[in-house]
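Trainee: Please read through the structure below; I'll follow up with questions.
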Amino acid sequence: MSFGCRRCGPKVWWPMRTRIGVVILARMSSSRFPGKVIAPLGGIPVLEILTRRLLQGGFTGEEIVVATSEHPSDDALAEFCAKKYINCYRGDLKNVLERFVNASRFYDFDFSFRVNADSPFVSVALLKHAMKECEDQPSVDVITNVRRRFWPYGIACELINIRSAERLLATVPEMRDGQPTGYREHITSAFYASHEDFNVVDLIPSDNVSDFTQSPALTVDEPEDVVRLERLLAQCNSDPLTFTYENLV
């Protein structure tokens, strides 16, 4: 198949008056690797790799926002965004769904890509493919390559209808049978758990595309992942800004 830290920005207009943005979910308080989202990978902070790849792929600064928390632990992340001229929205630390929805609404996005900041090697080609699917199916709730996995872990693509996400925010329970549902933290899980109530479109690669499900993960979860990914980049004779998952073939 085949940016200072500010709370507002110009409205971005897309064909059919549909505004599509990229919301990067980020926080500094990872238990396994605190501060991983700005750890250097190949000499460039992980979050900067991600945003620069999006810009190189044709997204504009007004279409990209980092959604982090108002917790003091994320002050350094907000300062990083300000220095790098990346839009930054701050919301609830634990209610990630609310933070995602509010950031999207603040920037007037009708649809938003949910992107995790610890996945620096975003495939802009895959995002654009999802945008084309959205253009063809404007009533869709979610377009995803996560529910049925064919790509490496870390090459996620989830394009979410913000009206649908607002409906989830108003209805999904935090607890069920005395146990946390996780729906407000893992924000697309409720869509997939109740897929009969939503129009969920799965992205499926063409037959001539390799199966990458056994490929190494392309995420930064622990300090060892930085070393592992830098070694992988060297093996592929690539750098963080040009590497693509196809290099794994």
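The values are calculated or read from the model by the stated rules, or taken from the named source; none is laboratory data. The structure displayed is predicted, hence computed values, not measured ones. Positions of Cβ are backbone-derived with ideal geometry, glycine not excepted, and every protein chain shown enters the neighbour counts. Accessible surface is based on the protein model in full, side chains and every heavy atom, while ligands, DNA and RNA are left aside. Shrake-Rupley method; radii C 1.70, N 1.55, O 1.52, S 1.80 Å.
Trainee: Looking only at segment 135-156, count every residue that is open to solvent by less than 50 Å² (accessible area, probe 1.4 Å) and over 17 Å from V115 (Cα atoms) and tell me the total. It would help to see each step written out before you state the result.
Mentor: The first filter runs over segment 135-156 and keeps only residues open to solvent by less than 50 Å² (accessible area, probe 1.4 Å), leaving 140-146, 151-152, 154-156.
If we keep only those that are over 17 Å from V115 (Cα atoms) too, we end up with 140.
Of the residues in segment 135-156, 1 are open to solvent by less than 50 Å² (accessible area, probe 1.4 Å) and over 17 Å from V115 (Cα atoms).
Trainee: For segment 42-89, what are the residues that are of a type in the set (S, T, Y) and crowded, with 20+ Cβ neighbours inside 10 Å? Walk me through it before giving the result.
Mentor: Residues of segment 42-89 of a type in the set (S, T, Y): 51, 60, 68-69, 73, 85, 89.
Scanning segment 42-89 gives T51, T68, S69, Y89.
Trainee: I'd like the full set of residues that are among the small types (G, A, S), assigned to a loop (DSSP other than H, G, I, E, B) and under 21 Å from the mean Cα position of the chain (by Cα), limited to segment 187-229.
Mentor: Applying the first criterion (among the small types (G, A, S)) to segment 187-229 yields 189-190, 193-194, 206, 210, 215, 217.
Going one step further and asking which of them are assigned to a loop (DSSP other than H, G, I, E, B), we end up with 194, 206, 210, 215, 217.
Correct list: S215, A217.
Trainee: Please list, ordered by first then second residue, the pairs with beta carbon atoms under 7 Å, 6 or more apart or interchain, first in segment 117-135 and β-branched (V, I, T), second assigned to a helix (DSSP H, G or I) and open to solvent by less than 10 Å² (accessible area, probe 1.4 Å).
Mentor: What qualifies is V122/L50; V122/L54; V124/L54.
Trainee: Right, something else. Of the residues that make up segment 113-135, is at least one part of a helix (DSSP H, G or I) and among the acidic types (D, E)? Give the steps one after another, and end with the answer.
Mentor: Of all residues in segment 113-135, those part of a helix (DSSP H, G or I) come to 124-135.
Checking which are among the acidic types (D, E) leaves us with 133, 135.
Taking every residue of segment 113-135 in turn, at least one turns out to be part of a helix (DSSP H, G or I) and among the acidic types (D, E).
Trainee: Something else now. Mind listing whichever residues of segment 56-77 are assigned to a helix (DSSP H, G or I), within 24 Å of D225 (Cβ to Cβ) and out of contact with any Pro (no Cβ under 9 Å at 6 or more places or on another chain)?
Mentor: Going through segment 56-77, the residues assigned to a helix (DSSP H, G or I) turn out to be 56, 61-63, 72-77.
So of that shortlist, the ones also within 24 Å of D225 (Cβ to Cβ) come out as 56, 73-74, 76-77.
Within segment 56-77, Q56, D74, A76, L77 qualify.
Trainee: Whether any residue in segment 4-13 is within 27 Å of D108 (Cβ to Cβ), crowded, with 18+ Cβ neighbours inside 10 Å and modelled with pLDDT of 95 or more is what I want to check.
Mentor: The answer is no, given that none of the residues of segment 4-13 is within 27 Å of D108 (Cβ to Cβ), crowded, with 18+ Cβ neighbours inside 10 Å and modelled with pLDDT of 95 or more.
Trainee: Please tell me if L169 is aliphatic (A, V, I, L, M) and either on the phi > 0 side of the Ramachandran plot or part of a strand (DSSP E or B) (or both).
Mentor: Details: aliphatic (A, V, I, L, M): yes; either on the phi > 0 side of the Ramachandran plot or part of a strand (DSSP E or B) (or both): no.
Criteria not met by L169.
For every residue, the table says whether it meets (1) of a type in the set (A, V, I, L, M); (2) open to solvent by less than 40 Å² (accessible area, probe 1.4 Å).
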position: E158; (1), (2): no, yes
position: L168; (1), (2): yes, yes
position: V227; (1), (2): yes, no
position: C236; (1), (2): no, yes
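Trainee: If you scan segment 26-66, which residues turn out to be of a type in the set (S, T, N, Q) and either in contact with a helix residue (DSSP H, G or I) (Cβ under 9 Å, 6 or more places away or on another chain) or over 28 Å from K94 (Cβ atoms) (or both)?
Mentor: Filtering segment 26-66 down to residues of a type in the set (S, T, N, Q) leaves 29-31, 51, 56, 60.
Correct list: S29, S30, T51, Q56, T60.
Trainee: V146 passes all but one of (1) assigned to a loop (DSSP other than H, G, I, E, B); (2) over 23 Å from F33 (Cβ atoms); which number fails?
Mentor: Exception for V146: condition (2).
Trainee: Moving on. Is there any pair linking a residue in segment 67-80 that is closer than 16 Å to R99 by Cα to one that is of a type in the set (D, E), with Cβ under 8 Å and at least six apart or on different chains, and which?
Mentor: Listed pairs, sorted by first residue: T68/D74; S69/D92; E70/D92.
Listed here are the residues, each with its yes/no results for (1) aliphatic (A, V, I, L, M); (2) within 28 Å of M28 (Cα to Cα); (3) touching a Lys or Arg at 6+ places or on another chain (Cβ under 7 Å).
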{"position": "S119", "(1), (2), (3)": "no, yes, no"}
{"position": "L127", "(1), (2), (3)": "yes, yes, no"}
{"position": "M131", "(1), (2), (3)": "yes, no, no"}
{"position": "Q137", "(1), (2), (3)": "no, no, no"}
{"position": "T144", "(1), (2), (3)": "no, yes, no"}
{"position": "Y153", "(1), (2), (3)": "no, yes, no"}
